Amino acid sequence: MTGPTWAPLPDAQHAASAVAALHRSAFGGEPDGVWASPGRVTLIGEHVDYNAGRTLLVALPYRTVVAARRRTDDQVQVVSAQERHGWTGRLTDLAPGRLDGWTAYARGAVWALREAGYDVPGLDLAIDSAVPLGAGLSSSAALVCAVAAAAGSLAGGADLLADDAGRARLAGLGVQAETIFVGAPTGGMDQAASVRSRSAHALHLDCRDGAIRHLPLDLAAAGLALLVIDTNAPHRNAGNAYASRRRTCETAARALGVPSLREVVDLDNALDRLDADESRRRVRHVVTEIARVGAAADLLTAGRPAELGPLLDASHRSLRDDYEVSSRELDLAVDGARRAGALGARMTGGGFGGSAIALVHQPDLELVAAEVDHALATADATIPRPTFLLGTPSAPAARIC
Ligand code: GLA
């Protein structure tokens with residue numbers, strides 16, 4: 001049996017030249033610039049963003065890059081290194097709806113900027129992504145945010161990358177592109193992670209008011225690594241299940257007389273007041289997960305990241321048993337990582353397939369990956385082999401060339 005497969009980790013200069021070459025071959029001539037925006041993992045704080053909760057996020061070293069050039073007419077052309085079909089149309093053709101296909105995200109970013117009053121010119125956009133698609137690592141947020149950063153900058157929107165206030169606006173445009181233009185529900189944390197993070201830090205996002213804190217998470221200095229396990233398992237029914245979890249939370253908040261589950265102060269009392277076992281379990285996940293984020297933030301603030309393990313484990317159990325968004329592959333990956341000595345492990349992202357993370361002592365990284373790979377490879381024939389990535393807290397959206 002071959003060993004674990006690791007995703008290549010492109011450096012910024014290499015990624016910028018590759019996407020500029022794609023731009024030249026698709027459109028001729030040099031781009032005006034290259035912009036990048038990363039994927040993310042949730043360190044802890046899952047399915048709490050749409051409940052006005054708080055969450056801890058890490059921007060990944062895997063990014064989507066966009067080479068962009070202004071045109072003198074009102075055409076928009078989009079091509080991608082990963083996809084055969086691109087899109088060509090006019091700025092005035094951009095209209096929201098329930099849209100399919102990857103180009104909808106790129107078009108949505110341009111549309112959201114125009115809706116917000118940016119004078120976006122016609123554009124030639126070439127896109128390349130090192131964020132695995134459909135792996136729960138926010139490839140869609142990386143795409144909308146990279147295109148919004150590129151198109152916004154070429155529309156004179158220097159404010160969007162200038163400071164955190166501008167970045168918060170940029171994240172908001174990414175959310176509008178996804179929710180309104182594409183029609184894909186998202187609670188907003190993915191876009192914030194992609195544009196408001198800081199390298200060697202976790203982003204603490206309070207989804208009630210959008211406030212952030214950068215908490216130190218220099219894994220190398222602590223002798224730690226964050227292993228990301230992309231199970232390569234297809235999302236099953238994720239859209240409907242996500243929407244139904246959200247509805248259950250909203251209905252429970254109404255029944256409890258609070259604007260959101262963030263405002264539940266006495267969990268036992270709240271659980272007593274809910275009839276359905278399913279609602280009780282969903283509420284228990286949300287309320288306990290928000291509390292775990294608080295405890296994790298305290299550990300990071302105190303410079304004790306190695307102690308996060310039990311919180312990560314508890315988060316996974318809660319997502320598996322109470323929120324019911326894990327999958328067989330994710331559970332196997334998490335259990336395998338723990339058996340191999342990970343300090344803690346959990347699924348990350350929306351769930352139903354996708355990825356898990358494991359916090360490990362740096363020297364154990366390869367060993368834990370090998371054990372997880374073996375656990376998945378020998379489980380049964382229907383389970384794909386995973387791909388491994390590094391969850392090093394990295395830089396947010398930026399112009400890179
Ligand atoms: C998806 C959504 C996010 C968040 C997570 C679950 O990634 O896009 O907004 O709700 O699921 O934490």
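From the list Arg69, Arg40, Arg63, exactly one residue is within 16 Å of the ligand (Cβ to nearest atom), of a type in the set (D, E, K, R) and assigned to a strand (DSSP E or B). Which is it?
Numbers: Arg69 fails: within 16 Å of the ligand (Cβ to nearest atom); Arg63 fails: within 16 Å of the ligand (Cβ to nearest atom).
Step by step, each of Arg69, Arg40, Arg63 is checked, and only Arg40 is within 16 Å of the ligand (Cβ to nearest atom), of a type in the set (D, E, K, R) and assigned to a strand (DSSP E or B).
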Applying the selection to segment 166-182, what residues are within 13 Å of the ligand (Cβ to nearest atom) and either open to solvent by 40 Å² or more (accessible area, probe 1.4 Å) or not in a helix (DSSP H, G or I) (or both)?
-> Thr179
Enumeration of residues in segment 353-377 that are over 25 Å from Val325 (Cβ atoms) and either outside any helix (DSSP H, G or I) or among the aromatic types (Phe, Trp, Tyr) (or both) | His361
Across segment 227-257, which residue is farthest from Arg320 (Cα to Cα) among those that are within 17 Å of the chain's Cα centre (by Cα) and in a helix (DSSP H, G or I)?
-> Gly239
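Rundown of residues vs (1) more than 30 Å from Ala252 (Cα to Cα); (2) open to solvent by 40 Å² or more (accessible area, probe 1.4 Å), yes/no style:
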residue	(1), (2)
Arg280	no, yes
Glu289	no, no
Ala302	yes, yes
Leu319	no, no
Leu332	yes, yes
Gly336	yes, no
Gly341	yes, no
Gly351	no, no
Thr378	yes, yes
On the given criteria, is Leu160 within 16 Å of the ligand (Cβ to nearest atom), surrounded by 24 or more Cβ atoms within 10 Å (Cβ to Cβ) and in a helix (DSSP H, G or I)?
-> no
Only one of (1) open to solvent by less than 50 Å² (accessible area, probe 1.4 Å); (2) at pLDDT 95 or above; (3) of a type outside the set (Ser, Thr, Tyr); (4) away from the ligand (no atom under 16 Å from the Cβ) fails for Asn51. Which number is that?
-> (4)
All but one of (1) among the basic types (Lys, Arg); (2) in a strand (DSSP E or B); (3) over 29 Å from Gly350 (Cα atoms) hold for Arg24, so report the exception by its number.
-> (2)
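Of the residues that make up segment 203-212, is at least one more than 16 Å from the ligand (Cβ to nearest atom) and open to solvent by 30 Å² or more (accessible area, probe 1.4 Å)? So that I can check it myself, show each step before the final result.
Pass one, segment 203-212, residues more than 16 Å from the ligand (Cβ to nearest atom): 209, 211.
Cutting the leftovers down to open to solvent by 30 Å² or more (accessible area, probe 1.4 Å) gives us 209, 211.
Yes, segment 203-212 has at least one match.
Return yes when Ala135 is in contact with a helix residue (DSSP H, G or I) (Cβ under 8 Å, 6 or more places away or on another chain) and either within 15 Å of the ligand (Cβ to nearest atom) or assigned to a helix (DSSP H, G or I) (or both) and no when it is not.
Details: in contact with a helix residue (DSSP H, G or I) (Cβ under 8 Å, 6 or more places away or on another chain): no; either within 15 Å of the ligand (Cβ to nearest atom) or assigned to a helix (DSSP H, G or I) (or both): yes.
Judged against the criteria, Ala135 is not a match.
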May I ask you to list the residues in segment 17-41 that are out of contact with any helix residue (DSSP H, G or I) (no Cβ under 7 Å at 6 or more places or on another chain) and under 19 Å from Ser139 (Cβ atoms)?
-> Ala18, Val19, Leu22, Val41
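Please state which one of Gly101, Gly3 is touching a His at 6+ places or on another chain (Cβ under 8 Å), more than 16 Å from the ligand (Cβ to nearest atom) and either open to solvent by 10 Å² or more (accessible area, probe 1.4 Å) or not in a loop (DSSP other than H, G, I, E, B) (or both). So that I can check it myself, show each step before the final result.
Values: Gly3 fails: touching a His at 6+ places or on another chain (Cβ under 8 Å).
Just one listed residue meets the conditions, Gly101.
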Taking interchain pairs and intrachain pairs at least six residues apart, which have beta carbon atoms under 7 angstrom, with the first residue in segment 113-142 and open to solvent by 10 Å² or more (accessible area, probe 1.4 Å) and the second away from the ligand (no atom under 16 Å from the Cβ) and basic (Lys, Arg)?
-> Pro121/Arg70; Pro121/Arg71; Ala130/Arg63
Segment 267-283 residues that are in contact (Cβ under 8 Å) with a residue 24 or more places away in the chain, paired with ones that are exposed (fewer than 15 other Cβ atoms within 10 Å of the Cβ) and aromatic (Phe, Trp, Tyr) (beta carbon under 9 Å, 6 or more apart) | none
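The values are calculated or read from the model by the stated rules, or taken from the named source; none is laboratory data. Since we're looking at a predicted model, the values are computed, not measured. Neighbour counts are summed over all protein chains in view; Cβ atoms, including those assigned to glycine, are modelled from backbone coordinates with ideal geometry. SASA here: full protein model, heavy atoms, side chains in, ligands and nucleic acids out. Shrake-Rupley method; radii C 1.70, N 1.55, O 1.52, S 1.80 Å.
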